[in-house]
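Accompanying notes for the structure given below.
The values are calculated or read from the model by the stated rules, or taken from the named source; none is laboratory data. Since this is a predicted model, take the numbers as computed values, not measurements. So basically every Cβ, Gly included, is an ideal-geometry build from the backbone, and we count neighbours across all protein chains shown.
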Amino acid sequence: MTTGSTRVVPGTKFFISGWPERLVRSSPLWSRSLCSQDTKGGEDVRIGDYLEAAGRFIALDGYAALLRGVAFETDRRVSISQVERVDLFLEKHGAFYHPVRVVAHFWEGEPPVTLALNGAVTEPGLALSGRESGLLEQLHQKMAAQSIPRMFGQGQISSAGKKMAFFLAQWFDGYREFHLTGDGDRMVIWDGKGGEIFPDAPDYYVIYGKAVEILTRLYDPVSFAQVHPWHHAAGDFVVRPGDLDVKLVTVRGYAPLFAPDTNDASPELEDVCQGLVLFFLNISLRMRLDRIDGTGEYHMVKTDVMDHLVEGFFNGLAHRMLPSHPRADLLGEIAKSILEWSSGDVAEALGFMLDSCSSAALEIFCLRNAVAEHAHAFLKSVEKVVKKSFFIDKVS
């Protein structure tokens, strides 16, 4: 503990997740490049310099962001003098961010608090950091979303002439990345300690249904805005082993993708339904797409998952009501609209969506190959779920 004239400053220690020793300036890893050589704009940033910049960000404004995060997690106010030290663990590198796990330890023996610090050093990452931190704030204020991280602070730090952007957010403790594995008919959940968990099918299908529910809750039926892009291969959704609760850890964009031709602040029920059907068709197909073990070949989850996707959509939609359209009316009208389609209509609509997107060629190829089977299973599941739902009288 270092004592200044006006405050007590907690100690800061640096680590690389999975590496047993503390990272100090004399460590060989200190001077290793943070980014790979083919990462334009980040190849000259050292791991040690990055972690030092992260520590400086945490200390900004008297550790204000850290204290907001601690207050949120503990439901009590804490002063910086109660914090003994802050440990920073560099986690795996992503396409845009270099996540740091922030662990605050306390003098009084209280359990440590873990938070997530996302940092960016490249131009694409810097641009995304400012946008995403704003979107997280916006969605929490607008929807009180519990399935995405809470924001505690954001800003920029310069280190060795390099600009870095950071934002501190909620860490979903105990939640893990998951992917299809093997030949694609199994799921693996990484336990965070180098181990693997293999849930059985169909038990893990509920994970995809919960992910659909999250996206639907975040969908805006008035502006037609939705979370996009997202991808299982990027680890955007995480799951908690045991109860299989699901969270969305990133919001890289939030805007309409497919919307009826209207600018009305109070759209007609027909327009709302049209936007929702297009939204649902799109996420139902993409929800099945992953890469083997996160980085391998593109692969589709079996259509056996479809009932869970449909239930997730209607469960999420029940939380996104419009004052001018009663809940049962909206649910029933959407179900009715979908069931008026043939599998050919569904396949044609999905094909149009794929034509208009800019995803990687191999990804589109995998999705196109799944369209016909998906369309048939989609309608079958909608009919099945509607028949056992309370709004059956609305579609009979």
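A few comments on the model shown:
- Counted residues, the stretch 360-372 - those being in contact (Cβ under 8 Å) with a residue 40 or more places away in the chain and surrounded by 15 or more Cβ atoms within 10 Å (Cβ to Cβ): 5
For (1) touching a Gly at 6+ places or on another chain (Cβ under 8 Å); (2) of a type in the set (Phe, Trp, Tyr); (3) surrounded by fewer than 20 Cβ atoms within 10 Å (Cβ to Cβ); (4) closer than 26 Å to VAL24 by Cα, each residue gets a yes or a no:
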residue	(1), (2), (3), (4)
ASP75	no, no, yes, no
GLU84	yes, no, yes, yes
GLU108	no, no, yes, no
ALA120	no, no, no, yes
LEU128	no, no, no, no
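- Of all positions in the stretch 206-221, none carries a residue that is surrounded by fewer than 20 Cβ atoms within 10 Å (Cβ to Cβ), in contact with a Gly (Cβ under 7 Å, 6 or more places away or on another chain) and assigned to a loop (DSSP other than H, G, I, E, B).
- Residue in the stretch 190-203 that is buried (at least 22 other Cβ atoms within 10 Å of the Cβ) and touching a helix residue (DSSP H, G or I) at 6+ places or on another chain (Cβ under 9 Å) present: no
- With respect to being in the same structural domain as ILE16 (by TED's automatic domain parsing), hydroxyl-bearing (Ser, Thr, Tyr) and surrounded by 15 or more Cβ atoms within 10 Å (Cβ to Cβ), THR114 fits the description.
- Scope the stretch 10-27; condition more than 17 Å from PRO99 (Cβ to Cβ) and either surrounded by fewer than 16 Cβ atoms within 10 Å (Cβ to Cβ) or in the same structural domain as ASP191 (by TED's automatic domain parsing) (or both); matching residues: GLY11, PRO20, GLU21, ARG22, VAL24, ARG25, SER26
- Residue match in the stretch 269-283 (condition: among the β-branched types (Val, Ile, Thr), in the same structural domain as THR181 (by TED's automatic domain parsing), out of contact with any strand residue (DSSP E or B) (no Cβ under 7 Å at 6 or more places or on another chain) and within 22 Å of LEU354 (Cα to Cα)): yes
- If you go through the stretch 214-244 and keep only what is out of contact with any strand residue (DSSP E or B) (no Cβ under 8 Å at 6 or more places or on another chain) and charged (D, E, K, R), you end up with ARG217, ASP243.
- Residue satisfying condition, being crowded, with 17+ Cβ neighbours inside 10 Å and without any contact (Cβ under 8 Å) to a residue 40 or more places away in the chain, within set HIS232, HIS228: HIS228
- Listing of strands (runs of 3 or more DSSP E) fully contained in the stretch 49-152 that carry 1 or more residues being of a type in the set (Asp, Glu): 83-90
- Of the residues examined, GLY55 is not one that is over 19 Å from the mean Cα position of the chain (by Cα) and at positive phi.
- The set of residues in the stretch 270-298 that are over 19 Å from the mean Cα position of the chain (by Cα) and either surrounded by 22 or more Cβ atoms within 10 Å (Cβ to Cβ) or closer than 24 Å to GLU348 by Cβ (or both) comprises GLU270, ASP271, VAL272, CYS273, GLN274, GLY275, LEU276, VAL277, LEU278, LEU281, TYR298.
- Members of the stretch 19-33 that are modelled with pLDDT of 90 or more and either more than 20 Å from ASN118 (Cβ to Cβ) or assigned to a loop (DSSP other than H, G, I, E, B) (or both): GLU21, ARG22, VAL24, ARG25, SER26, SER27, PRO28, LEU29, TRP30, SER31, ARG32
- Residue in the stretch 232-244 that is modelled with pLDDT of 95 or more, under 17 Å from the mean Cα position of the chain (by Cα) and closer than 23 Å to SER381 by Cα present: yes
- The one condition in (1) in contact with a Lys or Arg (Cβ under 8 Å, 6 or more places away or on another chain); (2) closer than 19 Å to ASP243 by Cα that LEU136 fails to fulfil: (2)
- Matching residues in the stretch 166-196 - criterion: being among the small types (Gly, Ala, Ser) and either closer than 23 Å to TRP19 by Cα or touching a Pro at 6+ places or on another chain (Cβ under 9 Å) (or both): ALA169, GLY174, GLY192, GLY194, GLY195
- TYR97 vs. criteria surrounded by fewer than 21 Cβ atoms within 10 Å (Cβ to Cβ) and touching a residue at least 24 places away in the same chain (Cβ under 8 Å): no
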